[in-house]
Amino acid sequence: MIDKIALLVMSAGASRRLGRPKQLLECRGFTLIGSVLSEMEKVEDVDKYLLLGSNCDEIVHKIDLQKWKYLKNEQWHLGLGTSIAEGIKNLKEDYDYVVIVLGDQYRVTASNISQIIANRSPEKITMTYNGESLSPPVCWPKRYYQELMGLHDDSGAKEVIKRNQNSIVQITNIESQYDVDVEEDVEKWEKWVIRNTVS
């Protein structure tokens with residue numbers, strides 16, 4: 001039997017530290033979330049979902065979602081944990097695994113996701129080690145869905161991971177440490193876009 005896998009990009013936050021919607025940051029015609037989705041579209045044999053919250057309508061109107069289904073977390077203001085819970089609630093019946101990527105992890109590649117999927121286990125959490133700590137992307141098997149649906153604050157899935165720290169498969173990927181939270185990160189992202197696009 002072939003495993004059914006969902007790829008879930010999380011992009012529901014209000015970007016409070018940055019002060020404006022980071023999803024819609026632009027550089028050379030690319031938005032931050034658009035560039036992440038474009039790369040994730042290369043992942044094969046998964047169904048693709050985008051979870052939104054703050055600024056949902058504006059984001060939906062500005063990016064190409066032809067290859068994506070989108071979900072909305074109405075409780076986005078309560079934090080990342082509620083977004084994970086909402087995503088799992090929507091996907092739990094149809095998928096054996098849910099792979100979660102953050103919508104600002106702009107240096108994570110489709111190959112990185114494929115490696116995580118290739119190392120999946122029905123008993124274990126397959127996570128990224130970014131050189132400093134464990135982080136998304138992460139592949140959650142069905143056995144953890146109930147715990148994830150109980151998340152309700154801004155600490156994400158840290159408590160679930162802590163309770164199951166002996167059931168983790170680590171995949172090293174230094175690129176996963178790059179995300180966008182403050183202006184300094186925006187500058188790094190813009191430089192990365194410029195380096196990786198043709199004028």
Reported set for region 163-192 where residues are among the hydrophobic types (A, V, I, L, M, F, W, C), in a helix (DSSP H, G or I) and more than 16 Å from residue 33 (Cα to Cα) is 174
| Residues in region 28-38: is at least one assigned to a loop (DSSP other than H, G, I, E, B), among the small types (Gly, Ala, Ser) and loosely packed, with under 15 Cβ neighbours inside 10 Å? | yes
Here the residues within region 154-166 that are under 12 Å from residue 134 (Cα atoms) and surrounded by 12 or more Cβ atoms within 10 Å (Cβ to Cβ) are 157, 158, 161
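Okay, residues lined up against (1) modelled with pLDDT of 95 or more; (2) surrounded by fewer than 16 Cβ atoms within 10 Å (Cβ to Cβ); (3) under 26 Å from residue 126 (Cβ atoms):
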residue: 152; (1), (2), (3): no, yes, yes
residue: 168; (1), (2), (3): yes, yes, yes
residue: 171; (1), (2), (3): yes, no, yes
residue: 180; (1), (2), (3): yes, no, yes
residue: 186; (1), (2), (3): yes, no, no
residue: 198; (1), (2), (3): no, yes, no
Here the qualifying pairs (Cβ atoms under 7 Å; residues six or more apart or on different chains; first in region 169-190 and at negative phi; second at pLDDT below 95 and loosely packed, with under 14 Cβ neighbours inside 10 Å) come out as 174/131; 177/131; 177/132; 181/17; 182/17
Of 6, 14, the only residue that is at pLDDT below 95, under 16 Å from the mean Cα position of the chain (by Cα) and not in a helix (DSSP H, G or I) is 14
Going through region 93-135 in order, the residues found to be within 25 Å of residue 23 (Cβ to Cβ) and among the polar types (S, T, N, Q) are 105, 109, 111, 112, 114, 128, 130, 133, 135
Scanning region 4-38 residue by residue, those among the β-branched types (Val, Ile, Thr) and either under 22 Å from residue 114 (Cβ atoms) or free of Cβ contacts under 8 Å to residues at least 24 places away in the same chain (or both) turn out to be 5, 9, 33, 36
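The values are calculated or read from the model by the stated rules, or taken from the named source; none is laboratory data. Predicted, not measured: the structure shown is a model, and the values here were computed from it. Every residue, glycine among them, receives a Cβ derived from its backbone with ideal geometry; neighbour counts consider all protein chains shown.
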